[in-house]
Amino acid sequence: MIPSIAIRPLEASFGAELSGLRIAGDVAEADFQAFLDAFHRHHVLLIRDVPNDPAAQVEFSRRMGKLEHHAAASAVHPQFPEVFCVGNYAADGITANFARGVEQWHADSSFREVPSAASLFYGAICPPEGGETWFLDAVAAYETLPETMKARIEGLRGVHCLYTLSEWNRRHTPGRPPMDEAKRRAFPPVAHPLVRTHPVSGVQSLFLCPAVISHIEGMGVEESAALIEELMDHATQERFVYRHRWREGDLVIWDNRCTLHTASLFDHEKYLRLMFRTTVAGTA
Ligand code: OGA
Ligand code: MN
């Protein structure tokens, strides 16, 4: 059977728009495989005009693997615990997780022992301007590093820590409470290589989450921050970045193992934003 899916590259050096795929748990195997192939080839996929159906999003996401339950329990969807709600929306039993969208490049759940493989992010309510999500091709960013830098960072590991991220968020979003002790114990710091190898494709990419990494193993905090900043200056060049302007009904699926992403600002006093994220757990 010929899959009905069409694939069109995005206007960026990576990413593609996919059409003809229904988002549901019972998608035909051939279509799902075509989707997975496209996902591994393009790293970020956009699917437009997807109906607002969190149950279907959860079921489709499960086809990709086991789902994570988000660490910020207060922002999970009241009916679907696998759905993490993002934005400034607070109604219908939903209290979305609102962090001011200052640039904060990361891959999801890097603070876990096994970081997440993929995220599926759905635009339920999107502001007419701002609130874009930006993506960065961490493979190209690594490959284009000078050889001297590649040698310098080989074998180095960043220490990723949810508490570090929580304190960073508190500095940018006044009024957020500090992370409690129980959660701090549940998510102790974990070290991950600055250069990671993709478990499916084997390609290497930069794994940098400046607000989550407390320091690089064996280095002081300031020295670590300076190296990470130097790497981020390289990685965030326009040629590696895709900026997604959301339309309601967009579903964007990204590979956390070879891309980085960040939210961006929007006028949160003027506009509402509500996004649903499902997160596919990584495999060791
Ligand atoms: C996320 C995230 C970006 C955004 O939910 O993981 O990074 O644009 N969101 O809200
Ligand atoms: Mn994220």
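Is at least one residue of segment 210-217 touching a strand residue (DSSP E or B) at 6+ places or on another chain (Cβ under 6 Å), among the acidic types (Asp, Glu) and either surrounded by 13 or more Cβ atoms within 10 Å (Cβ to Cβ) or at pLDDT 95 or above (or both)?
Of segment 210-217, the ones touching a strand residue (DSSP E or B) at 6+ places or on another chain (Cβ under 6 Å) are 212-217.
Filter again for among the acidic types (Asp, Glu), leaving 217.
Then drop every residue that is not either surrounded by 13 or more Cβ atoms within 10 Å (Cβ to Cβ) or at pLDDT 95 or above (or both), which leaves 217.
Looking for residues that are touching a strand residue (DSSP E or B) at 6+ places or on another chain (Cβ under 6 Å), among the acidic types (Asp, Glu) and either surrounded by 13 or more Cβ atoms within 10 Å (Cβ to Cβ) or at pLDDT 95 or above (or both), one finds at least one in segment 210-217, hence yes.
Of everything in segment 228-284, what is of a type in the set (Phe, Trp, Tyr) and either within 15 Å of ligand 1 (Cβ to nearest atom) or open to solvent by 20 Å² or more (accessible area, probe 1.4 Å) (or both)? Give them in sequence order.
Matches in segment 228-284: Tyr242, Trp246, Trp254, Phe266, Tyr271, Phe276.
Take segment 246-263 and flag every residue that is assigned to a loop (DSSP other than H, G, I, E, B) and within 16 Å of Ser13 (Cα to Cα).
Cys258
In segment 100-126, what count of residues is obtained for those that are open to solvent by less than 30 Å² (accessible area, probe 1.4 Å), in a loop (DSSP other than H, G, I, E, B) and away from ligand 2 (no atom under 14 Å from the Cβ)?
Number satisfying all stated conditions: 1.
Out of everything in segment 224-279 that is of a type in the set (Lys, Arg) and farther than 17 Å from Ser205 by Cβ, what residue ends up being farthest from ligand 2 (Cβ to nearest atom)?
That would be Lys270.
Name the residues in segment 127-142 that are of a type in the set (A, V, I, L, M, F, W, C) and away from ligand 2 (no atom under 16 Å from the Cβ), would you?
Of everything in segment 127-142, those that are of a type in the set (A, V, I, L, M, F, W, C) and away from ligand 2 (no atom under 16 Å from the Cβ) turn out to be Val139, Ala140, Ala141.
Which ones in segment 115-172 are among the hydroxyl-bearing types (Ser, Thr, Tyr) and under 28 Å from Val200 (Cα atoms)?
Ser116, Ser119, Tyr122, Thr133, Tyr142, Thr144, Thr148, listed by residue number.
For every residue, the table says whether it meets (1) open to solvent by less than 80 Å² (accessible area, probe 1.4 Å); (2) within 17 Å of the chain's Cα centre (by Cα); (3) within 24 Å of Tyr242 (Cβ to Cβ).
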| site | (1), (2), (3) |
| --- | --- |
| Thr148 | no, no, no |
| Leu156 | yes, no, no |
| His172 | yes, no, yes |
| Met179 | yes, no, no |
| Leu206 | yes, yes, yes |
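Wholly within segment 1-99, which strands (runs of 3 or more DSSP E) include no fewer than the required count, namely at least 3 residues that are over 30 Å from Phe187 (Cβ atoms) and open to solvent by less than 50 Å² (accessible area, probe 1.4 Å)?
By residue number, 16-19.
With (1) closer than 21 Å to Val50 by Cα; (2) over 13 Å from the mean Cα position of the chain (by Cα) as the list, and His160 as the residue in question, which single condition is left unmet?
(1) is the only condition that His160 fails.
The values are calculated or read from the model by the stated rules, or taken from the named source; none is laboratory data. Quantities reported herein were computed from a predicted structural model and do not represent experimental measurements. Cβ: placed from backbone, ideal geometry, glycine included. Neighbour counts: every protein chain shown. What goes into the accessible areas is simple: the full protein's heavy atoms, side chains included, and nothing from ligands, DNA or RNA. Shrake-Rupley method; radii C 1.70, N 1.55, O 1.52, S 1.80 Å.
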